[in-house]
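Worksheet: one structure, shown below.
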Ligand code: PMP
């Protein structure tokens with residue numbers, strides 16, 4: 001298998017685009033090697049510019065729950081394009097998608113559309129601060145909420161402390177209102193509330209997908225809800241990744257905990273750039289022009305993007321049981337891989353939620369970011385490279401989640417398991 005064309009394209013891109021990519025994780029930095037340049041996608045497959053074909057378990061990092069070039073989404077986009085790309089004025093398509101999302105999420109009465117997950121979360125935090133009149137926020141180590149300044153804060157070794165920025169260019173002053181807690185550890189949350197009486201919101205990925213797949217325990221989320229209620233703090237579920245992936249009715253429908261604000265992205269745009277945040281009518285009334293909290297966007301609610309999102313979500317809603325099919329496939333995949341690893345003497349931790357799957361080369365269960373960091377990164381890198389060679393495109397970092405689409409067949413799953421057995425055997429000389 002040659003990836004010569006990808007190597008050349010990467011070299012050329014590096015001269016013009018920092019690191020050769022427009023989003024860092026695409027550079028394969030954590031696994032080494034050269035990123036694959038994509039020529040096209042079709043159903044469950046990607047084809048690179050060298051002509052190699054892969055079963056795609058990344059799916060644009062989540063949006064493509066129906067795989068590449070889904071007929072109904074493609075048709076909706078082409079139809080929308082014929083009427084104009086953007087107007088900067090209201091269209092019926094925005095109300096139609098809003099209606100659909102509101103019908104799927106109990107916690108959402110009203111919604112606003114933006115163009116990315118980052119924007120959705122940034123705006124939701126501003127709304128929470130505007131609504132409560134408070135400044136501080138609590139986030140969890142290992143949860144990613146986009147690249148806005150006050151959210152680019154990582155671990156202080158799990159200690160509850162006011163966060164330090166994790167990127168140059170973010171003034172410490174901008175993150176001094178961000179408190180850090182440990183995922184699935186309610187005591188760490190209680191410490192935050194002991195440290196500050198000014199907490200506007202707690203933001204969490206209820207099904208974390210940015211430290212690998214690490215779902216929050218139900219009891220932990222219930223406790224979190226209780227603490228927020230006792231303190232007049234809003235609870236934000238960041239479902240940019242898990243929304244319409246783990247369940248079509250949100251994490252609230254499977255965890256039993258209802259958030260005050262939900263942020264969405266990825267699937268909601270059907271592959272086009274869309275983010276959104278929604279809440280009760282009372283909270284959303286604070287948003288401009290109804291209320292004083294400012295938020296805006298030239299391309300927000302873009303008609304082509306709305307058409308793609310509507311096609312994707314209406315298809316999902318009509319085919320609700322498909323989530324069980326996807327989950328069965330995702331489960332079979334990671335269970336098969338785990339069994340193959342076990343035969344080579346390697347312990348794998350696995351989990352799934354709907355069409356999301358995760359696996360760690362780790363001896364112990366993974367409950368938080370520190371646990372995830374104890375995984376065998378070297379083994380993961382070798383596994384990733386081996387699977388690419390076999391024609392299976394997995395996310396190029398152990399801290400990412402995998403995705404199954406409706407185009408991913410049972411046969412492809414079995415082939416992936418077989419390939420994983422071969423690759424693990426070769427790596428471990430098993
Ligand atoms: N929140 C979560 C949970 C995410 O997974 C992501 C992106 N992976 C974001 C926010 C940011 O979304 P975007 O990349 O569209 O800005």
By residue number, the members of the range 18-31 that are exposed (fewer than 12 other Cβ atoms within 10 Å of the Cβ) and either in a loop (DSSP other than H, G, I, E, B) or not assigned by TED's automatic domain parsing to the domain that holds residue 392 (or both) are 22, 23
Review point. Right, residue 282: outside any loop (DSSP other than H, G, I, E, B), more than 22 Å from the chain's Cα centre (by Cα) and surrounded by fewer than 18 Cβ atoms within 10 Å (Cβ to Cβ) or not?
Key: yes
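Let me confirm something: among 326, 313, 224, which residue is in contact with a helix residue (DSSP H, G or I) (Cβ under 6 Å, 6 or more places away or on another chain) and surrounded by 20 or more Cβ atoms within 10 Å (Cβ to Cβ)?
Testing whether each residue is in contact with a helix residue (DSSP H, G or I) (Cβ under 6 Å, 6 or more places away or on another chain) and surrounded by 20 or more Cβ atoms within 10 Å (Cβ to Cβ) leaves just 313.
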- Would you check if there is a residue in the range 30-48 being within 16 Å of the ligand (Cβ to nearest atom), under 26 Å from the mean Cα position of the chain (by Cα) and modelled with pLDDT under 95? yes
All conditions in (1) in contact (Cβ under 8 Å) with a residue 60 or more places away in the chain; (2) surrounded by fewer than 22 Cβ atoms within 10 Å (Cβ to Cβ) are true of residue 236 except (2)
Report yes if residue 303 is out of contact with any strand residue (DSSP E or B) (no Cβ under 7 Å at 6 or more places or on another chain) and over 18 Å from residue 101 (Cβ atoms), otherwise no. no
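Any chance the range 158-175 includes a residue that's part of a loop (DSSP other than H, G, I, E, B), at pLDDT 95 or above and more than 16 Å from the ligand (Cβ to nearest atom)?
Checking the range 158-175: not a single residue is part of a loop (DSSP other than H, G, I, E, B), at pLDDT 95 or above and more than 16 Å from the ligand (Cβ to nearest atom).
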Looking for something within 16 Å of the ligand (Cβ to nearest atom) and either under 20 Å from residue 65 (Cβ atoms) or crowded, with 24+ Cβ neighbours inside 10 Å (or both) - is there at least one such residue anywhere in the range 287-299?
no
It is to be established whether one or more residues within the range 32-46 are more than 29 Å from residue 213 (Cα to Cα) and surrounded by 13 or more Cβ atoms within 10 Å (Cβ to Cβ). no
Being in contact with a helix residue (DSSP H, G or I) (Cβ under 9 Å, 6 or more places away or on another chain) and more than 30 Å from residue 43 (Cα to Cα) narrows 86, 123, 148 down to just 148
Quick count over the range 380-425, residues being touching a strand residue (DSSP E or B) at 6+ places or on another chain (Cβ under 8 Å) and surrounded by fewer than 18 Cβ atoms within 10 Å (Cβ to Cβ), is 2
Here, strands (runs of 3 or more DSSP E) confined to the range 50-156 with at least 2 residues that are away from the ligand (no atom under 16 Å from the Cβ), buried (at least 21 other Cβ atoms within 10 Å of the Cβ) and in the same structural domain as residue 366 (by TED's automatic domain parsing) are 53-56
| Can you spot a residue in the range 2-14 that is closer than 30 Å to residue 280 by Cβ, part of a helix (DSSP H, G or I), in contact with a strand residue (DSSP E or B) (Cβ under 9 Å, 6 or more places away or on another chain) and away from the ligand (no atom under 16 Å from the Cβ)? | no
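The values are calculated or read from the model by the stated rules, or taken from the named source; none is laboratory data. Bear in mind that the values here come from a model prediction, so they are computed numbers and not experimental data. Please note: Cβ atoms are built from the backbone with ideal geometry, for glycine as well, and neighbour counts cover all protein chains shown.
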